[in-house]
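Notes for the one structure printed next.
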Amino acid sequence: MTPFGVRVRSLRDAKGVTLKQMATDLSISSAYLSALEHGKRGQPSPQLVRQICAYFGIIWDEAEDLERLADLSHPRVTVDTGGLSAKATELANRLSERIADLDEERIEALLAILDAVPPRKGVRRRSGVRRR
């Protein structure tokens, strides 16, 4: 699953809405919505994220949080380490090799380390990757 998928499923559950009903209401296929929830499809479009926010009456900070989760929910991430140090390239490659072996506790620890590092000025974070 993706962070976005987990959140959408919890919103559906909290409102007692089935996946099929939500898909019908949003004029998308239930197969597509299921694939989004399970991380088998790429990121949802900004339009669909806005539709989901409207569907659940989500506004302001909560809507921004859902948009951020959508940005962080691409199931196949590419990391461009061109121009970075050899150690940064090693880190990216080793993480790609070992991520499936990490338990939730270690993943949380790594996320906490990343959260403690302020982004460079002029660098926008998207999909968990810093870009110029």
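Table: residues versus (1) assigned to a helix (DSSP H, G or I); (2) not hydroxyl-bearing (Ser, Thr, Tyr).
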site	(1), (2)
Gln21	yes, yes
Thr24	yes, no
Lys40	no, yes
Pro44	no, yes
Gln47	yes, yes
Leu66	yes, yes
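If you take the residues in the range 83-103 that are on the phi < 0 side of the Ramachandran plot and outside any helix (DSSP H, G or I), which one is least open to solvent (accessible area, probe 1.4 Å)? Outline the logic, then answer.
At the first step, the residues of the range 83-103 found to be on the phi < 0 side of the Ramachandran plot are 84-103.
Filter again for outside any helix (DSSP H, G or I), leaving 84-85, 102-103.
On the way: Leu84: 82, Ser85: 69, Leu102: 47, Asp103: 72 Å².
Looking at residues that are on the phi < 0 side of the Ramachandran plot and outside any helix (DSSP H, G or I), I get Leu102.
Considering the range 26-41, and only residues there that are surrounded by 14 or more Cβ atoms within 10 Å (Cβ to Cβ) and among the small types (Gly, Ala, Ser), the residue that is nearest to Leu72 (Cα to Cα) turns out to be Gly39. On inspection, Leu11 qualifies as in contact (Cβ under 8 Å) with a residue 24 or more places away in the chain and either small (Gly, Ala, Ser) or under 25 Å from Glu104 (Cα atoms) (or both). When Trp60 is tested against the conditions (1) among the hydrophobic types (A, V, I, L, M, F, W, C); (2) in contact (Cβ under 8 Å) with a residue 60 or more places away in the chain; (3) out of contact with any helix residue (DSSP H, G or I) (no Cβ under 6 Å at 6 or more places or on another chain), the lone failure is (2).
Evaluated against (1) in contact with a helix residue (DSSP H, G or I) (Cβ under 6 Å, 6 or more places away or on another chain); (2) acidic (Asp, Glu); (3) part of a loop (DSSP other than H, G, I, E, B), Asp80 falls short on exactly one condition, (1).
From the residues in the range 79-112 that are among the β-branched types (Val, Ile, Thr) and more than 23 Å from Met1 (Cβ to Cβ), which one is nearest to the chain's Cα centre (by Cα)?
Among them, the one singled out is Thr81.
Enumerate the pairs (first residue in the range 104-123 and assigned to a loop (DSSP other than H, G, I, E, B); second residue anywhere and open to solvent by less than 80 Å² (accessible area, probe 1.4 Å)) with beta-carbon separation below 9 Å, excluding pairs fewer than 6 apart on the same chain, so at least 6 apart or on different chains. That search, which allows pairs on different chains as well, returns Pro119/Arg125.
Condition first: over 27 Å from Glu104 (Cβ atoms), out of contact with any Lys or Arg (no Cβ under 7 Å at 6 or more places or on another chain) and of a type in the set (Lys, Arg). Can you find one or more residues in the range 66-88 that meet it?
Initial filter on the range 66-88 (over 27 Å from Glu104 (Cβ atoms)): 80, 82-86.
Subset that is out of contact with any Lys or Arg (no Cβ under 7 Å at 6 or more places or on another chain): 80, 82-86.
Imposing the further condition that a residue be of a type in the set (Lys, Arg) reduces the set to none.
No, the range 66-88 contains no residue that is over 27 Å from Glu104 (Cβ atoms), out of contact with any Lys or Arg (no Cβ under 7 Å at 6 or more places or on another chain) and of a type in the set (Lys, Arg).
The values are calculated or read from the model by the stated rules, or taken from the named source; none is laboratory data. What you see is a predicted model, and the numbers here were worked out from it, not measured in a lab. All Cβ positions, glycine included, derive from the backbone under ideal geometry; neighbour counts span all protein chains shown. Side chains are part of the model used for accessible areas, which takes the heavy atoms of the whole protein and leaves out ligands, DNA and RNA. Shrake-Rupley method; radii C 1.70, N 1.55, O 1.52, S 1.80 Å.
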